[in-house]
Structure formats: C-alpha cells, structure tokens
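First up is the structure itself, then whatever we jot down about it.
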Amino acid sequence: MSASVIDGKAFAAEVRGKVAAKVSELKDKHGIVPGLAVVLVGEDPASQVYVRSKGKQTVEVGMQSFEHKLDVGTSEADLLALIDKLNTDPAVNGILVQLPLPKHLNEDLVINSIAPEKDVDGFHISNVGRLATGQKAMVPCTPLGCLMLLRDHFGSLSGKDAVVIGRSNIVGKPMAQLLLRDSCTVTVAHSRTKDIEDVVRRADIVVAAVGRAEMVKGDWLKPGAVVIDVGINRLEPTEEGGKGRLVGDVDYASAAEVAGAITPVPGGVGPMTIACLLANTLTATCRVNGLAEPEGLTA
Ligand code: GUN
C-alpha cells in the first residue's frame, strides 16, 4: 500500500481563508476587528521566527496584531503587569505568551494570569479543566489542527482506535482529550510504555508527538492506519556547512508503505498550528461579543 498524503499546508490555507472571510463579516456587520497580542520574552531564535510568522499571518487574515518584545531580564512583576493590561484591553481578544520563558519566570504562574477567555493557546488551567470535563474551552492549537485534519479525512471519528504517542501538556494530553470527545477509544503511549510497537499496531489513528526523530517505523503500523506526525526534528547535517534535514517522529519512507494516509514533515501539522491560533482568536472574539461561533473552526 502507498499512503495518501494529508496536505496540511493546503488545509491550513483553507482554514485561514475561512477565518479571513469571517473577520471581514465581523468588520462589515458589527465594526469588530479581532486583535491578537503575542508576548515574547528574550531572543530565542526559533521563538523569534514563530512570533514573526504569527504576526504576519494575523495581519493577512485582517486581524490586528500586537507584538510585545521584552528584554530577557524582564521581571515576573513586569510581565504580569503587561498581561494584566492586555486582559483588560478591549482591542485584544487573544493573548499568547511564547514559550519557553527564561528560567527565572514561573511559566505556570504567567500562563494562569491570562484571562481564560483570551487564552488562545488553551494552556490556562481553567481551559485544561474545561476540555477534560467537556465544557466549552479554548483548545490548544496543535491538537486542534490534528483534529481538523482527522475529521476532514474520516468524517466521523466515532469508534476508532487511536493511539497518541507522547504525554505533553501542549500536545499529547489535549490530543487524547479531543479524540475521546469525538468518541475514539484512546490509548496514550509514552517512554515507559511496554511493547509500544504492539500498542501502536492496534490503532486506526496514530498521533506521534514525542520529539524523537523517525521513531515510529512502518512495521509498527496497522495496514491502512492514518498517521499524524507532530514531530519536527532536525537531523545532523550530512555535509559541512549545511543544515540537517527536517524530519518528523515517524519514519516517513517505511510508514508510507503501510499507512492509509500520512502527514508529511514539513507541510503537515506544522502549518495548522498558526492557522488554528487565528481560528481560536476568532472564536474568542465571537464568544466575548455574544456572536455565533465560526463553523468548522472549533473543537
Ligand atoms: N512554543 C512552542 N509551541 C508553542 C505554542 O503552541 N504556544 C506557545 N505559547 N509557545 C509555544
């Protein structure tokens, strides 16, 4: 079997198109312009790239982008004061504090100081609890993107056996919650799971989010399984001065021989994350204004 390729890049462009159309409608009918504030502390190069990309795409869909770049030595009190200001600013509908934060800042404290209704990352403890108990929540962007790709592929996920590999708060745990909410039978596998290959081999849906390059091999998969690869790992460069190749947590070549469908790296889940951040900002804007939520853009 040769797997069909799930084109996350094209799907993300579709999501952004839907967001842009709804933003334009909000402007025309209600005079509302959604606003997203992104806070970056320090100069981590990867974070700078993400933040730039977020700002650019926010403006492209017609939203307002507010960027707050703070010095690496910013105190916790100053960061909390900024978040407080954004919490009460009516022009700001979504707040994202780029992680990781410098070591001297308490990440949990900072995230939990964001107003839950503006927490477009879905990391606030209240949104985590809401998702786990089936209440209306803001849902973390990467798992939301994976869910959208899976729903698009299958239609209904009801009754599917799903294995999530990885138990992080950002991807693994919320992904498991979302799949459970869509009536999958969910197993969360991790570094201590016994006979992980056999566990994965039972799955109709495999979501790999462990951060280990090419860990999941084709012979771990049930023929026809749908594979969502969240990993982005850079291999060692093969030639001097070159950059190493980007690969996922799945060994694409062998997995594509067995899977029914698979996301590539790059161009699979990656582009969905920012598209879902914009979708979440739109959702937050609709909720705070008592308007109907955008269809197909929420969990
Ligand atoms: N750093 C890496 N991924 C993310 C994300 O999804 N949200 C935030 N806030 N920081 C990140």
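Since every read-out is calculated from the coordinates, none of them should be taken as a lab result. Everything numeric here is computed off the predicted structure, so don't read it as measured data. Every residue, glycine among them, receives a Cβ derived from its backbone with ideal geometry; neighbour counts consider all protein chains shown.
The convex hull around the C-alpha trace of region 1-134, projected and averaged over every direction, spans 11.0 square nanometres. Of the residues ASP152, ASP28, the one with the fewest other Cβ atoms within 10 Å heads the list, and the complete ranking is ASP28, ASP152.
Can you pull the Rg over Rh of the chain, Cα-only, Kirkwood? Here Rg/Rh amounts to 0.97. By the rule of a C-alpha distance below 26 Å, with chain neighbours fewer than 8 residues away ignored, the lysines paired with LYS27 are LYS18, LYS54, LYS56, LYS85, LYS118, LYS136. Length gained on full extension, GLU14 to GLU293, computed as 0.36 nm times the residue gap minus the Cα-Cα distance: 98.7 nm. Dividing the alpha-carbon radius of gyration of region 139-201 by the rule-of-thumb value 2.2 N^0.38 Å gives 1.08. Using the Cβ-Cβ distance between GLU239 and LYS69 with R0 set to 35 Å, the FRET efficiency from 1/(1 + (r/R0)^6) comes to roughly 0.50.
Would you please name the trypsin sites (Lys or Arg not before Pro) within region 63-126 that are DSSP coil residues with at most 12 other C-beta atoms within 10 Å of their C-beta? Answer in residue order: LYS103. When you filter the trypsin sites (Lys or Arg not before Pro) in region 185-266 for DSSP loop state and at most 11 other Cβ atoms inside 10 Å of their Cβ, you are left with ARG192, LYS194, LYS243.
For the chain, the longest principal axis of the Cα atoms and the long axis of helix 270-288 meet at an angle of about 40 degrees. Add +1 for every Lys or Arg and -1 for every Asp or Glu among the other residues with Cβ under 15 Å from the Cβ of ILE125, and state the total. Charge balance near ILE125 sits at -2. Largest GNM mean-square fluctuation across ALA46, ALA132, ALA13, computed for the chain with C-alpha springs under 10 Å, falls on ALA46. Normalised by the number of residues in region 143-219, the mean separation of alpha-carbon contacts (under 8 Å, six or more apart) gives a relative contact order of 36 percent.
Of the GluC sites (Glu not before Pro) found in region 42-81, the ones in coil according to DSSP and having at most 15 other Cβ atoms within 10 Å of their Cβ are GLU43. Axis angle, to the nearest 10 degrees, between helix 141-154 and the longest C-alpha principal axis of the chain: 50 degrees. Label sites at PHE154 and GLU257, each approximated as a point 7 angstrom past Cα along Cα to Cβ, lie 2.6 nm apart. With a Förster radius of 51 Å applied to the C-beta separation of GLU25 and ALA77, the computed FRET efficiency comes to 0.80.
Restricting to Cα pairs below 8 Å that are 6+ residues apart, what does the relative contact order work out to for the chain? Please round to a whole percent. That works out to 22 percent. For the chain, the longest principal axis of the Cα atoms and the long axis of helix 172-181 meet at an angle of about 90 degrees. Which of ASP249, ASP89, ASP229 ends up with the largest GNM mean-square fluctuation for the chain, with Cα atoms connected below 10 Å? Looking only at ASP249, ASP89, ASP229, the biggest GNM fluctuation is shown by ASP89.
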